[in-house]
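These notes concern the structure reproduced below.
The values are calculated or read from the model by the stated rules, or taken from the named source; none is laboratory data. Predicted model, so just to flag it, every value in this text is computed and none were measured. We place every Cβ from the backbone using ideal geometry, glycine too, and count neighbours over all the protein chains shown. Accessible surface is based on the protein model in full, side chains and every heavy atom, while ligands, DNA and RNA are left aside. Shrake-Rupley method; radii C 1.70, N 1.55, O 1.52, S 1.80 Å.
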Amino acid sequence: MRPFTYQKASDAAAAVQALADANSTNGPLGESAIQPLAGGTTLLDLMKLDVMRPSMLVDINPMSDAWSTVSLEDGNLKLGALARMAEVAANPDVQRNYPVIAESLKLAASAQLRNMASLGGNVLQRTRCTYFRDVSYENCNKRTAGSGCAAMDGFNRTHAVLGTSDKCIATYPGDFAQALIALDASVEIASRSGARTIRFADLHKAPGDSPQIETTLQPGELISSFSIQGRWPRSTYLKVRDRQSYEFALSSAAVALDVQDGTVRDARIALGGVATVPWRAREAEALLRGQKLDDALTDRAVEAAFAGAVPRKHNAFKVDLCKRVTSRALHQTATMEI
Ligand SMILES: Cc1cc2nc3c(=O)[nH]c(=O)nc-3n(C[C@H](O)[C@H](O)[C@H](O)COP(=O)(O)OP(=O)(O)OC[C@H]3O[C@@H](n4cnc5c(N)ncnc54)[C@H](O)[C@@H]3O)c2cc1C
Ligand code: SF4
């Protein structure tokens, strides 16, 4: 590991002040000179692997009192960015009103990691593409812009089929983000110039020609919280992976439905393990709205979700797998006892 300095921020103002000095050419998640440190469960791994090389870490954990609140007021949920995954997954309000959030967190990583890892760090975790994480491979456009992509003709079983480009096919690895994008969450952001709010759907950037730029966060900006309007008790997160614990999704579906007298009034579907960014299946949702959910309609919806899929040599199986996961999640959600 390379030498770096460590600074503990006394409060949010001190943290954003320290971060404002960040000097990044690759976006805030690239080779930024200064990185915020939350649980450290992925940042420190990437530093040990020499993939990320910050010269300074700003520890934001002293802001935990202010930034780890979980509150449900007037039917709106607010989740502090420093709340721990385990704590939010176990919160009775979250379990009752947003099962898709509780399940997406509970099915992620391991118990020890969930105790340590924060929500903000979770949504900003980086791809598990093995070529990205192994610096002995020189050709990775995400790590070094313009260097090529080893995965394109390499072993790409875990890679994405949706949202890819000819520069990068890396999968976005997180689970919680699928729940957030399905529920139209917003993200509150703090920086030295003040606070701003964006849609969660606008946080991550598809690779396009610049896979090294992963989010729309500007250097020096911190995520302070996430918000969701309204309750979604009829919601589910279903995840399929190579083993039942401590593993990333090969395929997952976050589904939330508003059903009255058998008719779908609103449908939200997000897909994980198959796309380069948290992925909303809007074409599938549109087919379901105003309709009675049955097998034929479900089949049409999942076909629509994958109409634009671009499979590679080793990952074509994900298309069928994720269609089945999504069908099952839809059925499970529609038949939930509320
Ligand atoms: C073995 C293993 C298995 C895993 N399995 C899964 C899984 O199945 N599903 C899943 O979803 N995740 C999985 N993870 C990822 C894990 O959930 C993340 O490591 C964790 O959520 C990151 O949170 P953290 O607080 O530790 O982030 P950190 O490591 O502290 O930070 C991550 C990144 O986010 C930045 N950051 C952190 N907080 C903020 C903030 N508030 N504002 C701006 N930037 C910030 C940091 O600078 C850093 O770049 C796994 C991890 C490991 C090691
Ligand atoms: S898929 Fe993306 S992250 Fe993986 S090697 Fe190619 S450019 Fe790098």
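For the chain, the alpha-carbon coordinates run over 59, 50, 33 Å along the three principal axes, in decreasing order.
Heavy atoms only, probe 1.4 Å: what % of the accessible area of the chain goes to carbon and sulfur, would you let me know? Before the final figure, lay out the partial values.
Working: 7090 of 14610 Å².
In the chain, the share of accessible area belonging to carbon and sulfur is 49 percent.
Legend: calculated FRET efficiency, SER110 to SER193, from the Cβ-Cβ distance at R0 = 45 Å, rounded to 0.05, equals 0.75. Remark: spin-label model distance VAL135-GLU247 equals 3.0 nm, labels positioned 7 Å along the Cα→Cβ axis. Note on the chain: lysine pairs with Cα distance below 16 Å, sequence gap of 8 or more or different chains, count 6. Note on VAL70 and ALA316: the model spin-label points, each 7 Å out from Cα along the C-beta direction, lie 4.3 nm apart. Computed over protein heavy atoms with a 1.4 Å probe, the accessible surface of the chain works out to 43 Å² per residue.
So, by mean Cβ neighbours within 10 angstrom, what's the order for 313-322, 1-10, 176-185 with the highest one leading?
Top of the packing list down: 176-185, 313-322, 1-10.
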